[in-house]
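Step one of this worksheet: look at the structure below.
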Amino acid sequence: MPDIAALVLVIICGTAFAAAQGLTYPLIAIVFENAGVPPAIAGLNAGIYSLGLASTTLLVSRLSRVIRPDFLIFVGLAGCAFSLAVFSLTFALWVWFFARFALGFFANLIFIISEAWLHSACPDHIRGRVTGLYGMGISGGFAVGPLAIPFCGASGAFVSLSVYVASVGLALLVLSRRARTRPEHVPPGAFISLFRRAPLLILMVFAFAFSDVAALSTMPTYFMRQGHSENFAAISVTVLAIPMTLSQPFVGILLDKTSPRGVAVSAATVAGLSFLIIPSTDSPTIILVIFGILGAACFALNTCALTVLGKQFTGGALIAGTSAFALAYAAGSAGGSSLTGIAMELAGAHAAPATAGALLLCLALTLATSKLRM
């Protein structure tokens, strides 16, 4: 039987992580654009977040042996809340670099341990559907985060989300006592072995992160460069996330009943083509429709990778697996923010969606032709 209490906690914590990321990527991009910060610097600031993600990945094995893994989630939530509060206190660029690094470090604690706990608490026969619900919570966090921008303004959005994340941390301390399961410690050598045993899954997470962060951080800037308003740029991220949210339970059902490889190839193809089509239209409505389709297809790659990971690995290897995914996500998100920002500056605005679209189509081709096991 599934551990319902643990699964509810994991989904709530994952939603908080996603809300923090969903707010900061577009909001910081918009603030930098209005302040005249060059796209390359804005991309580097987003990349420092990825450096924070990578730092957690390298330390989580040791941390999980010193601190109880479920308490590490609370530490991550508290750190995220503090980092978000710092953004509201000053606009000093160097402070924002430190705060962005800290946000990535603590958010990744939530990400790694929560996903490992998800698999520990879930039986195989419903793993795809439960992972889909988790993906729905993550996507919902991405959708809700940017909504704070038009309603609260930049400073107010940081403060309101900081309070929300801190509240989730307190709820975790109270409700975790009802859970029957706990994440396990990472066995020695398991982290490195994941890259050898599941390279296609690692590649899927990398491509997902690259395209997802490009959509969250670079595309709002792209839209403003194309003459759209600041509110359109912010709302586009919510439009991106709503289909993500609604589609993931259905993706989970497909994963339980059909071929995960087929789902992944289809998702990568649809997301890649969506990126490439956006520059060909000027209609705001059509752009938002395509952006929504892109979001649903892109996040399906992550849901697919998580489901397959949970079916292939058990015990402490799950934390090793989610750590490997986190490192792939860090590398992909660094590329998605930095490389697309640099491409936009060097080759024009349309280079950003073209770069992300080409990468996704290459992933689809690799998955379709590779004989490696997923």
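The values are calculated or read from the model by the stated rules, or taken from the named source; none is laboratory data. Just so you know, these numbers come straight off a predicted model, no measurement behind them. When we count neighbours, we look across all protein chains shown, and the Cβ atoms used for this are built from the backbone with ideal geometry, even at glycine. These accessible areas exclude ligands, DNA and RNA; they are computed on the full protein's heavy atoms, side chains included. Shrake-Rupley method; radii C 1.70, N 1.55, O 1.52, S 1.80 Å.
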- Task: Quick one: which residue in 325, 299, 291 is in contact with a Gly (Cβ under 8 Å, 6 or more places away or on another chain) and of a type outside the set (Ser, Thr, Tyr)?
- Result: 299
- Only listed residue being open to solvent by less than 40 Å² (accessible area, probe 1.4 Å) and at pLDDT below 90, chosen from 280, 259, 247, 274: 247
- Message: Given the options 50, 64, 83, name the one that is over 22 Å from residue 141 (Cβ atoms), open to solvent by less than 10 Å² (accessible area, probe 1.4 Å) and either over 16 Å from the mean Cα position of the chain (by Cα) or not charged (D, E, K, R) (or both).
- Response: 64
- Kindly provide the set of residues from the stretch 34-47 that are modelled with pLDDT of 75 or more and over 18 Å from the mean Cα position of the chain (by Cα), ordered by number. 34, 35, 36, 37, 38, 41, 42
- Task: Could you identify the single residue in 237, 165 that is open to solvent by less than 20 Å² (accessible area, probe 1.4 Å), within 25 Å of residue 59 (Cα to Cα), within 17 Å of the chain's Cα centre (by Cα) and at pLDDT 75 or above?
- Result: 165
- What pairs come up if the first residue lies in the stretch 173-190 and is open to solvent by 30 Å² or more (accessible area, probe 1.4 Å), the second is part of a loop (DSSP other than H, G, I, E, B) and modelled with pLDDT under 75, and their beta carbons are under 8 Å apart, counting only those six or more places apart or on different chains? 184/315; 187/315
- Residues (free of Cβ contacts under 8 Å to residues at least 40 places away in the same chain, closer than 17 Å to residue 237 by Cα and aliphatic (A, V, I, L, M)) located in the stretch 271-289: 286, 289
- Residue that is surrounded by the fewest Cβ atoms within 10 Å (Cβ to Cβ) [pool: residues in the stretch 192-217 that are within 20 Å of residue 140 (Cα to Cα) and of a type outside the set (A, V, I, L, M, F, W, C)]: 212
- Note on the structure: Exactly one of 232, 275 is among the aromatic types (Phe, Trp, Tyr), assigned to a helix (DSSP H, G or I) and within 21 Å of the chain's Cα centre (by Cα), and that one is 275
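So that you can scan it fast, the table gives a plain yes or no per residue for (1) surrounded by fewer than 24 Cβ atoms within 10 Å (Cβ to Cβ); (2) modelled with pLDDT of 90 or more:
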| position | (1), (2) |
| --- | --- |
| 332 | no, no |
| 346 | yes, no |
| 353 | no, no |
| 357 | yes, yes |
| 361 | yes, yes |
| 364 | yes, yes |
- Query: Mind checking whether some residue in the stretch 293-306 is open to solvent by 20 Å² or more (accessible area, probe 1.4 Å), more than 19 Å from residue 142 (Cα to Cα), among the hydrophobic types (A, V, I, L, M, F, W, C) and part of a helix (DSSP H, G or I)?
  - Reply: no
- Message: Which residue is nearest to residue 215 (Cα to Cα), if the candidates are limited to the stretch 59-88 and must be in a helix (DSSP H, G or I) and out of contact with any helix residue (DSSP H, G or I) (no Cβ under 8 Å at 6 or more places or on another chain)?
- Response: 59
